[in-house]
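Asks: One structure, pasted below without further comment.
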Protein chains: 2
Amino acid sequence: MVNYPNGKKAADAVKQTNYGKRGMSLEEDINTSNRYYLETHKAVVYKKPTPVQVVTVDYKSRQTAKITEAYYRTPSTTDYNGVWAGLPLDFEAKETHSKTSFALKLIHPHQLSHLRNVLEQKAIAFVIVRFTHYNETFLIKAVDILKETSTDKKSLPHSWFSEHGRLIPFKLFAPVDYLPVLDKMIQEGEFE
Amino acid sequence: MVNYPNGKKAADAVKQTNYGKRGMSLEEDINTSNRYYLETHKAVVYKKPTPVQVVTVDYKSRQTAKITEAYYRTPSTTDYNGVWAGLPLDFEAKETHSKTSFALKLIHPHQLSHLRNVLEQKAIAFVIVRFTHYNETFLIKAVDILKETSTDKKSLPHSWFSEHGRLIPFKLFAPVDYLPVLDKMIQEGEFE
């Protein structure tokens, strides 16, 4: 969804595909974790489908409606939401290949505005940020990210995440095992 | 998403398009209500995008990636979820043109299974059913629908909805004004 091969050259396409695959891994890890949470009855969290504006459909039969012209649309919300033991969860996930900092523009305006809206409705709202170089995945409260995006800062240094975020442990069945982290934060009154 | 014109004949196509439009109106009414709830800071509820399996994309430029082959996929969840004053909401919406009964097959197995899953996580889970002929829109607790779908019943008579459901009032800015109905039900202990 983020990295499209530009299709100019075969070499470029391959490069772009690899880049795309790397870009997908946090998403894949979160999806795996969510499947594990679903199967073990811990939580029900899904990634929302990418919205697509369908223009033309070829209806050879009702069963095999083939979309022949469509475009990606900008989502209005964050990518993930769900329910966990009576609590509404809502979050966005981003990864950066930078060693030094996280560019705040990676979190888009509609995602920030959605996080503000769900916070107002008392959702457990947060952002998951991965520094791929260090293979570190942080959970940051939405309220902390929103404080920074309301300034004129362009990026947050890696150290900001060590300070304000919590490291999410890797587990075999839940590569981004965020629920125990949330649980601890809630017990410590972090979401009040 | 439900009613595709089959494209066999122009006359058929027009008929199917009209049918499709009628089929969309509950969805449109709910979307309007959700927009009103969002704008008035009452709740944050969205319809999930229809999942599409993209096969081929024409990348003339990154900005205008054109999907040239894609197919509709079966969603894993209900269509609507969100957060309202700290409560996780999850629901499906269906309408029927029948005067006498609601065919239970209109609620698909994956939707029933999802409702079971979110109920287990203590979501406020329900179904909105409209009888278009009477222009009546009911809110029914998921737990009540799940009781009926676990029997071998094929349909529920209109009277079942008067008995087990709550009529959702029409308001100009919220054509399916379900929040006050939920509020009353919660106060009456219906969701405990």
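The values are calculated or read from the model by the stated rules, or taken from the named source; none is laboratory data. Here the structure is a predicted model, which is why all the values come from computation and not from measurement. Because the Cβ atoms are built from the backbone with ideal geometry, glycine has one as well, and the counts that use them run over all protein chains shown. To get the accessible areas, we keep the full protein, side chains included, count just its heavy atoms, and leave off ligands, DNA and RNA. Shrake-Rupley method; radii C 1.70, N 1.55, O 1.52, S 1.80 Å.
Asks: Every residue in region A:158-168 that is assigned to a strand (DSSP E or B) and under 13 Å from A:TYR134 (Cα atoms), please.
Replies: The answer is A:LEU167, and nothing else.
Yes/no per residue for (1) of a type in the set (Gly, Ala, Ser); (2) away from chain B (no Cβ under 12 Å):
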| position | (1), (2) |
| --- | --- |
| A:THR64 | no, no |
| A:ILE67 | no, no |
| A:ALA70 | yes, no |
| A:PRO75 | no, no |
| A:PRO88 | no, no |
| A:ALA93 | yes, yes |
| A:SER98 | yes, yes |
| A:ALA103 | yes, yes |
| A:HIS108 | no, yes |
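Matching residues to (1) surrounded by 19 or more Cβ atoms within 10 Å (Cβ to Cβ); (2) assigned to a strand (DSSP E or B); (3) without any contact (Cβ under 8 Å) to a residue 24 or more places away in the chain; (4) facing chain B (nearest Cβ under 7 Å):
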{"site": "A:HIS133", "(1), (2), (3), (4)": "no, no, no, no"}
{"site": "A:ILE140", "(1), (2), (3), (4)": "yes, yes, no, no"}
{"site": "A:ASP152", "(1), (2), (3), (4)": "no, no, yes, no"}
{"site": "A:LEU156", "(1), (2), (3), (4)": "yes, yes, no, no"}
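Asks: Within region B:21-110, which strands (runs of 3 or more DSSP E) (wholly inside it) include 3 or more residues that are of a type in the set (Asp, Glu) and in contact with a helix residue (DSSP H, G or I) (Cβ under 7 Å, 6 or more places away or on another chain)?
Replies: So the answer is B:87-96.
Asks: Condition first: aliphatic (A, V, I, L, M), within 25 Å of A:VAL44 (Cα to Cα) and touching a Lys or Arg at 6+ places or on another chain (Cβ under 9 Å). Now tell me which residues in region A:88-118 satisfy that.
Replies: A:ALA93, A:ILE107
Asks: Let me ask something else about it. Specify the residue that is nearest to B:ILE67 (Cα to Cα); the eligible residues are those in region A:32-88 that are crowded, with 17+ Cβ neighbours inside 10 Å and among the small types (Gly, Ala, Ser).
Replies: A:ALA70
Asks: Which condition does A:HIS114 not pass, out of (1) open to solvent by 20 Å² or more (accessible area, probe 1.4 Å); (2) not in a loop (DSSP other than H, G, I, E, B), if it passes all the others?
Replies: The failed condition is (1).
Asks: Quick check on my filter: what residues within region A:118-128 are touching a helix residue (DSSP H, G or I) at 6+ places or on another chain (Cβ under 7 Å) and open to solvent by 20 Å² or more (accessible area, probe 1.4 Å)?
Replies: A:LEU119
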